[in-house]
Amino acid sequence: MQKIQRPKGTQDITPADVSQWQRVETAFKTLCTQMGYEEIRTPVFESTELFSRGVGEATDIVNKEMYTFEKGDRSLTLRPEGTAGVVRSYIEQGMSRSPKPVKLFYNGAMFRYERPQAGRQRQFHQMGMELFGLDTPESDVEMIVAAWQFFNDLGIESLALDINNIGTPECRQQFKASFQNVVKPFLNELCENCQTRFDTNPLRMLDCKVDSCQEIYAKAEVTAVIESDFTSEDCQAHFQKVSDMLTALEIPFNRNYRLVRGLDYYTKTVFEITSSQLGAQSAVCGGGRYNGLVELLGGEPTPATGWALGMERLVSLLGDAETQGPDYYIVTDQAVESFKLAKKLRVKGYSCEVDLSGKNFGKQFQQANKRGAKKMITLGADEVTSGEFQVKDMATGDQQSLKISDV
Ligand code: HAM
């Protein structure tokens, strides 16, 4: 029979890797809980319209990357990102009536039909935080600091933080005319995607991955427009406060005027954290403010901010996991008594494995070693009769005698 392989762009997370995943998930959950964020779990598939409206018709995600299918007369899509679903749920579950800010976090699989390469899958996992109800620079800073410290606490080095201010849709009208003016002479040289965005959303042209387009946007006259402060005084003051607070907190950042993010919903502050160890797909996390999205999806106007990290990219930065053997390994031909003893040890919080092979004790000793057990218990018929057994410390070789009744 021919073997069946996993679909292109997906990964098995095998037991050898899972401990790193669990370490990161636990650290993230602890951080979020300590910061007063509550977990939310939303469906893996949603109405297609949620993403076309929320993420934006003009984005690569909606145009090319969605896993969309029809069921009955409904068009459904596997979620390509977490924010739109969380916003839908915020509205649908009436969370706007809760005291503000509403602070949520999530963790789950996302799906994008992209060309797979190192660091880019079709099924990948994100963990993210979203905050609803505040339009303060402080709430942007809380997000950025949480992300930055999370990576640093995991011991990841070679990180860079880029931030930018992309203003409101009104600010972008200012930008539109001047940008169109300087880019117009090169319009025919731009890719099809940029030509479409030229009329609809010129700022997003900066997100184009085509080198020849980026060469045009690097020209001095185009750069001057990109780096002009086209946003309103309010947006500029907001961004200045964000920058000042990051400086005061000694978080190094780079103002990257070309950072516009790949989703349409952002306003004001956007940010991305990249690692030089990741190659072409260097963004380990990204986020920003999205003050218009709740209203766009049918809710009351509500400011919001958030970010998400890519688990696969993050875990690839952590190196190999240490394999954790059990605290106790029971070498035995007395299954029932061993199960009873193992249960007592587990109740006390120890991990304990019982050898189930039925092989001679010599082979079982070898197996205890291979499993990386910290301590080995021998429990044969003699030990059951005497009510006493030996515990061997695998590192030092020290032996200790214990009564079964004392455990
Ligand atoms: P995003 O930048 O599209 O933002 O994705 C966040 C992170 O997910 C990326 O930085 C990257 O690490 C990871 N990622 C994205 N696509 C892939 C892929 N194909 N394979 C592997 N990893 C990937 C968002 O999704 C926003 N919802 C973030 C956000 C939350 N903004 C506000 N709140």
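Every number here is computed from the coordinates shown, using simple stated rules; none is lab data. Since we're looking at a predicted model, the values are computed, not measured. Cβ atoms come from the backbone with ideal geometry, glycine included; neighbour counts cover every protein chain shown.
Rounded to the nearest 20 debye, the dipole size of segment 164-259 about its Cα centre is 140 debye, using +1 on the Cβ of Lys and Arg and -1 on the Cβ of Asp and Glu.
Debye calculation, C-alpha points only, no solvent: report log10 I(q)/I(0) for the chain at q = 0.11 Å⁻¹, in the same order as the q values. One equal scatterer on each Cα of the chain leads to -0.88. Helical content alone sets the calculated 222 nm signal of the chain at -11000 deg cm²/dmol, taking -39,500 (n - 2.57) per DSSP H segment of four or more residues and averaging over every residue.
The label-point distance for Glu227 and Ser276, in a model that sets each label 7 Å from Cα toward Cβ, rounds to 2.2 nm. Given R₀ = 35 Å, FRET efficiency for Asn152-Asp327 by Cβ-Cβ distance, to 0.05? Result of the calculation: an efficiency of 0.70.
Phi angles of segment 285-296 translate, via the Karplus equation with coefficients 6.51, -1.76, 1.60 and θ = phi - 60°, into HN-Hα couplings of 7, x, x, x, 7, 9, 6, x, 6, 4, 5, 4 Hz per residue; Gly and Pro are given as x. Our note on the geometry: Cα centres of segment 135-176 and segment 352-371, 52 Å apart. Kirkwood hydrodynamic radius for segment 5-103: how many Å is it when counted over pairs of different Cα atoms? Across segment 5-103, the inverse of the average 1/r is 16.2 Å.
Between the residues Met110, Gly262, Ser276, the greatest Cα displacement towards the positive end of the dipole of the chain, with unit charges on the Cβ of Lys, Arg, Asp and Glu, is found for Met110. Just to verify a number: FRET efficiency for Glu49 and Thr247, C-beta to C-beta distance, R0 = 41 Å, to 0.05? Using R0 = 41 Å, I get an efficiency of 0.50.
On the basis of the beta-carbon distance and an R0 of 30 Å, Asp135 and Phe186 show a calculated FRET efficiency of 0.25. A cut-off of 5 Å between modelled amide H atoms, ignoring neighbours fewer than 5 places along the same chain, links Tyr67 with Leu78, Tyr113.
The stretch between Ser178 and Glu295 holds 39.3 nm of extra length on full extension. This uses 0.36 nm per residue minus the Cα-Cα distance. If the cut-off is 16 Å between C-alpha atoms, which aspartates and glutamates fall inside it for Lys343, apart from same-chain ones fewer than 8 positions away? Reachable aspartates and glutamates: Asp327, Glu353, Asp355, Asp406.
Taking segment 323-402, which GluC sites (Glu not before Pro) meet the DSSP loop condition and have no more than 13 other C-beta atoms within 10 Å? Filter output for segment 323-402: empty list. The dipole here belongs to segment 1-118: it is taken about the Cα centre, uses +1 on the Cβ of Lys and Arg and -1 on the Cβ of Asp and Glu, and is about 160 debye. Hydrodynamic analysis of segment 317-407 uses the Kirkwood radius over alpha carbon pairs. Inserted into Stokes-Einstein at 4 °C and 1.567 mPa s, it gives a translational diffusion coefficient of 96 µm²/s. Overall shape of segment 27-160 was characterised from the C-alpha gyration tensor. The equivalent ellipsoid obtained from it has semi-axes of 27, 21, 13 Å, in decreasing order.
Compactness ratio for segment 368-407: Cα radius of gyration over 2.2 N^0.38 Å (N = residue count) comes to 1.20.
Expressed in nm to one decimal, what extension gain is obtained for the pair Thr33 and Lys359 from 0.36 nm per residue of sequence separation less their Cα-Cα distance?
Roughly 112.7 nm would be gained on extension.
The long axis of helix 233-248 is offset from the longest Cα principal axis of the chain by roughly 30 degrees. Extent along the principal axes, Cα only, for segment 1-44: 52, 27, 15 Å, with the longest axis given first.
Take each peptide in 43-53, 367-377, count the other Cβ atoms within 10 Å of every residue, and average; sorted highest first, the result is 367-377, 43-53. Simple spin-label estimate for Arg120 and Tyr350 gives 5.1 nm between the two label positions (7 Å along the Cα-to-Cβ direction from each Cα). Reported to the nearest whole Å, the Cα centre-to-centre distance from segment 213-290 to segment 61-109 is 25. Helix 335-347 and the longest principal axis of the Cα set of the chain meet at an angle near 50°. Averaging 1/r over every pair of different alpha carbons in segment 112-175 and inverting the result gives a Kirkwood radius of 15.3 Å. Placing unit charges on the Cβ atoms only, positive for Lys and Arg and negative for Asp and Glu, gives the chain a dipole magnitude near 1120 debye about its Cα centre. Note that segment 149-280, at 37 °C in a medium of 0.692 mPa s, gets a Stokes-Einstein diffusion coefficient of 205 µm²/s from its Kirkwood radius over C-alpha pairs.
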